[in-house]
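The values are calculated or read from the model by the stated rules, or taken from the named source; none is laboratory data. Bear in mind that the values here come from a model prediction, so they are computed numbers and not experimental data. Ideal geometry is used to build each Cβ from the backbone, glycine not excepted, and the neighbour counts take in all protein chains shown.
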Ligand code: ADP
């Protein structure tokens, strides 16, 4: 992986985006739901309050026409006629005390007979109000309540009527008009939005003057005509108020009037066919929803940004650490390379030093050898001299018979000297001359063949074990034979005093190498020889029998063949030698 590689996890990103958008949306919905419930409760309370105010306003004046109808002066005026001024004054007083808009009396013919505003320019007296529904209700003996707009001043109000009776006969109608505009002002000043609709759905009272006398449902021609006939709202055209409504969360009405949105709560006013509607502006709801959603979005965004920032920082830290690590590894590698170089150089130097040492060792060995040779040869040379001198004397004295044994001794001495020099020749011989492939079994057989006679003379038994197929190695077969002969010779020498002398030879393949195991049941390697056994001139043999070069030469031969030479003592007695040699390549491959 690259150090600065960033993995793009698509599902995680999608989830993150969904969370970023979805959560503020859900929170917004929850806030809306909660706030709408709160608004609904508040608007319910307000509606109850305004309904009660309206109701109390109506009830407050309910008694007024009744009281007037019960007045004797009024009924006398209606039955007997006469001076109207006292009745008018009475009505004016009553109107002032009750704080109503106007009170008046209508005769059975529908014409106003007396009114509290008798002394005003647009006094009601003489007006024919026979068409008013409240007049008809009262004429039929019932109390009437009617919302309408005044004919003279066009002022909206509630008309409450009561029949004036003489015994059981209706002789006139007492009416009190209550202006509702103060109530509307109160609503308006309170910043409230509400309206009252009549049975036709026409807004008759509202805190919004522009909505007044507009109908919530489009009215058909017939209804409009009927309303005009009754002169409900004579000066106003009954326009339709364009509004739409839909239910939110199953419990609130969302109403759009013009460009404004409200939550509408409507309730019927008891005792009338009117309805009162309280409207709560929706702007604060959206402000709050938007505010909370935005806050959630911003907070989430911040959380996401913080997370991204931290991740980025961690990533950078990891990259930095990886870079440091990479640098460290590079440094280590460089160091290693340097060390390897150093090693190689040291090895090279060591090898050179070793070569020098070997050379020096060879020289030293040569020195030692020279001493040994001198020592080995001095005695036979001296003896030869003596024997030659004796021969000359014998010749002089003509003792020819004695000459032959003496000359044989000289010849023996010559043989002995030849043996020493022969061994030296082997030591000095170069290795790479005859590097050919040969079968180790052949070498073993040949060596044993050469030693056959000695085995018989020494009465030594032989235990031989070799594989059926060739065991091919690279090297000089003659030199290997020399090694084996030397081992057998040493074995036979060591077995001089052993009762049942036995020499064992086992040749076998061991992985990618061949092993020749030579052992005997003799006394084993003497302690003083120990680890020095492969060094030159180490011998325990009597003077003249061994010079201590056999094993050191053998060791060199085996090493030259890239082999290994080991020696050990056997339990309970005897010595053993292991020669390990690498098998030829094709033989190794054949085994695989
Ligand atoms: P040499 O035979 O001339 O002594 P070698 O190098 O062949 O020289 O042997 C060195 C010495 O190793 C011998 O003198 C002998 O003490 C010891 N040695 C070699 N082979 C055997 C053996 N099979 N048993 C006991 N000792 C051995």
**Complete:** When segment 512-537 is checked residue by residue, the ones that are farther than 18 Å from residue 579 by Cβ and crowded, with 20+ Cβ neighbours inside 10 Å are 521, 522, 536
**Request:** Look through 462, 487 and report the one residue that is modelled with pLDDT of 95 or more and more than 10 Å from the ligand (Cβ to nearest atom).
**Result:** 462
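Okay, residues lined up against (1) part of a loop (DSSP other than H, G, I, E, B); (2) closer than 12 Å to residue 65 by Cβ:
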{"residue": "87", "(1), (2)": "no, no"}
{"residue": "97", "(1), (2)": "no, no"}
{"residue": "125", "(1), (2)": "yes, no"}
{"residue": "136", "(1), (2)": "no, no"}
{"residue": "158", "(1), (2)": "no, yes"}
**First in segment 313-341 and surrounded by 11 or more Cβ atoms within 10 Å (Cβ to Cβ), second anywhere and at pLDDT 90 or above, Cβ under 6 Å, 6 or more apart** = none
**Item:** Residue list for segment 552-573, restricted to those being under 19 Å from residue 440 (Cβ atoms) and more than 12 Å from the ligand (Cβ to nearest atom)
**Value:** 557, 558, 559, 560, 561, 562, 563, 564, 566
**Message:** Any residue in segment 551-570 that is under 18 Å from residue 583 (Cα atoms) sitting within a Cβ distance under 6 Å of a residue that is away from the ligand (no atom under 12 Å from the Cβ) and at pLDDT below 95? List the pairs, counting only those 6 or more apart or interchain.
**Reply:** 557/479; 560/431; 561/475; 565/558
**Asked** If residue 587 satisfies every condition in (1) within 11 Å of the ligand (Cβ to nearest atom); (2) in a helix (DSSP H, G or I); (3) touching a strand residue (DSSP E or B) at 6+ places or on another chain (Cβ under 7 Å) but one, which is the exception?
**Response** (1)
**Request:** Considering every residue within segment 570-581, establish whether at least one is over 19 Å from residue 492 (Cα atoms) and modelled with pLDDT of 95 or more.
**Result:** yes
**Prompt:** Any idea which of 482, 496, 442, 469 is part of a loop (DSSP other than H, G, I, E, B) and either surrounded by 14 or more Cβ atoms within 10 Å (Cβ to Cβ) or within 12 Å of the ligand (Cβ to nearest atom) (or both)?
**Reply:** 496
**Request:** Mind listing whichever residues of segment 160-182 are out of contact with any helix residue (DSSP H, G or I) (no Cβ under 8 Å at 6 or more places or on another chain) and part of a strand (DSSP E or B)?
**Result:** 169, 177, 179
**Prompt:** Taking segment 179-194, which residues are within 60 Å of the chain's Cα centre (by Cα) and either within 21 Å of residue 60 (Cβ to Cβ) or touching a residue at least 24 places away in the same chain (Cβ under 8 Å) (or both)?
**Reply:** 190, 192, 193, 194
**Fill in**
Matching residues in segment 507-551 (near the ligand (Cβ under 6 Å from one of its atoms) and part of a helix (DSSP H, G or I)) number 3
